[in-house]
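Participant: Once you've had a glance at the structure underneath, I'll fire off some questions.
Just so it is clear, none of the values below were taken in a lab; they were calculated from the coordinates. This is a predicted model, so every value here is computed, not measured. Note that we place each Cβ from the backbone using ideal geometry, even for glycine, and neighbour counts take in every protein chain shown.
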């Protein structure tokens with residue numbers, strides 16, 4: 001008999017301990033990955049003394065470098081997880097991220113910063129790929145939306161907790177007599193140590209093995225073909241496009257809200273550390289309140305056509321990011337409702353995208369299909385951070401958010417077209433496992 005974790009029915013062979021370990025991974029890993037973007041402004045300002053007029057472009061270029069590496073590696077990690085299993089790829093990614101995080105604050109030049117970011121990016125590519133695969137491995141189909149909503153809630157909590165940790169620790173250290181550089185180094189070393197320990201936890205708690213028995217393992221050639229062929233399914237193609245946007249949402253929010261706060265804080269006479277400390281309030285409140293929408297939307301998705309859910313998510317995103325046109329600063333707490341809206345939009349896009357691709361991707365080839373999806377996510381972050389960074393410096397802090405609004409509107413039209421021409425099954429009828437792709 002299959003096990004259950006609360007209302008979530010787990011897939012055959014998945015234990016409660018496996019699921020709980022995965023939930024811990026959702027909390028820690030996304031918190032650390034988002035934390036790198038959040039602490040970026042502090043590193044540039046306090047540790048490398050980069051002029052604020054150049055910080056948007058440099059931050060965008062660092063994220064651009066990370067996503068180039070992701071583009072080269074995420075599909076490979078997805079295929080590798082189908083060949084050797086999810087657990088070893090997950091542990092590898094966690095340990096490499098820990099090393100990259102520990103090295104980052106010791107950079108003495110922009111060149112070194114790019115090198116250390118590349119180390120971090122290699123681990124991040126593995127984590128991003130495997131986290132998206134496991135969330136679709138562990139639930140039964142009728143519980144997919146519920147598990148993905150919990151996954152998204154824990155992501156939001158992880159972002160909030162690490163925003164507090166990375167936002168407050170530097171000022172705690174400086175108030176105890178340490179200089180800003182040492183304070184930043186100690187902060188990031190603590191996070192790196194926690195990440196390393198987490199990798200050991202994943203080694204013990206995640207399910208081992210591959211999705212099928214060894215004699216059924218797909219060949220590498222088959223997996224590459226599957227990834228390419230999968231895009232012929234219009235619903236998977238839509239999910240690929242939405243993954244591009246979902247990753248861009250999270251990245252833009254993580255990089256440019258904190259950078260906007262530092263820019264606004266400078267006009268108010270605040271140091272980078274003080275500005276980040278104040279914007280932590282915004283990050284925490286928006287992520288905690290977006291959890292309500294995650295539970296509501298997760299329940300809705302398990303009752304409706306998942307392309308319809310995508311239409312809802314894209315509509316919300318268009319309105320949310322478009323509303324940033326009216327915002328003057330994240331340090332002005334009267335603008336909090338706008339930031340709550342974009343946080344809810346980001347989490348809704350992730351839930352809708354994961355649910356749709358999880359429904360459409362066949363079990364035996366799921367790692368490959370989702371690995372290719374992660375490739376599109378990397379492209380999305382690459383474009384959003386590269387062009388977003390330039391827009392931040394040239395147009396102003398609203399620029400990256402308005403770019404995301406236009407992208408949401410474009411995908412909204414695509415989702416409506418797919419809903420009309422190729423809606424797939426209406427969720428509520430009996431669900432069957434998708435056939436293997438040719």
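Participant: With r defined as the distance between the Cβ atoms of residue 182 and residue 72 and R0 fixed at 35 Å, what FRET efficiency is calculated, to the nearest 0.05?
Facilitator: Efficiency, rounded to the nearest 0.05: 0.50.
Participant: Using a basic spin-label model with each label point 7 Å from the Cα along Cα→Cβ, how many nm lie between residue 15 and residue 49?
Facilitator: Taking the two extended label points, one gets 5.6 nm.
Participant: Given Cα pairs under 8 Å that are at least 6 residues apart, what percent is the relative contact order of the chain?
Facilitator: Reported relative contact order: 27 percent.
Participant: Which entry in (1) 22, 50, 26, 2; (2) 20, 46, 26, 8, 0; (3) 28, 59, 13, 0 is this structure's computed P(r) over Cα pairs in 20 Å bins from 0, in percent?
Facilitator: Derived directly from the coordinates: (3).
Participant: With each run of n ≥ 4 DSSP H residues scored as -39500 (n - 2.57), what mean residue ellipticity at 222 nm is computed for the chain after dividing by its residue count and rounding to the nearest 500 deg cm²/dmol?
Facilitator: Value at 222 nm, helices only, nearest 500: -27000 deg cm²/dmol.
Participant: With the contact rule set at Cα under 8 Å and sequence spacing of 6 or more, what percent relative contact order holds for segment 45-133?
Facilitator: Rounded, it is 40 percent for segment 45-133.
Participant: Now, a different point. Neighbour counts of other C-beta atoms within 10 Å: give me 393, 82, 328 arranged from fewest to most.
Facilitator: Ascending number of Cβ neighbours within 10 Å: 328, 393, 82.
Participant: Mind giving me the FRET efficiency for residue 203 and residue 106? R0 is 22 Å, r the Cβ-Cβ distance, nearest 0.05 is fine.
Facilitator: With R0 = 22 Å, the Cβ-Cβ based efficiency is 0.20.
Participant: If you don't mind, another one. Grab the beta carbon distance between residue 229 and residue 115, set R0 = 45 Å, and tell me the FRET efficiency rounded to 0.05.
Facilitator: Working from the Cβ atoms, E equals 0.75.
Participant: Please label the shape of segment 374-421 as rounded, prolate or oblate, based on the square roots a ≥ b ≥ c of the eigenvalues of the alpha-carbon gyration tensor (a/c under 1.5 means rounded; beyond that, a/b larger than b/c means prolate, else oblate).
Facilitator: Verdict is oblate for segment 374-421.
Participant: Could you put 260, 293 in order, starting from the residue whose Cβ has the fewest other Cβ atoms within 10 Å?
Facilitator: Listing 260, 293 from fewest to most nearby Cβ atoms yields 293, 260.
Participant: I've got another one for you. Specify, per residue and in Å³, the volume enclosed by the convex hull of the alpha carbon atoms belonging to segment 1-46.
Facilitator: 75 Å³
Participant: If I build a Gaussian network model for the chain, linking alpha-carbon pairs within less than 10 angstrom, which residue out of 118, 126, 378 has the largest mean-square fluctuation?
Facilitator: Greatest mean-square fluctuation among the candidates belongs to 118.
Participant: Give me 117, 303, 142 sorted ascending by neighbouring Cβ count inside 10 Å, so fewest comes first.
Facilitator: 303, 142, 117
Participant: Measure nothing fancy, just the Cα-based angle from helix 220-229's long axis to the longest principal axis of the chain, in degrees from 0 to 90, nearest 10.
Facilitator: It is inclined by approximately 80 degrees.
Participant: To the nearest Å, what is the center-to-center distance of segment 143-179 and segment 36-53, using C-alpha atoms only?
Facilitator: Using only Cα atoms, the two centres lie 19 Å from each other.
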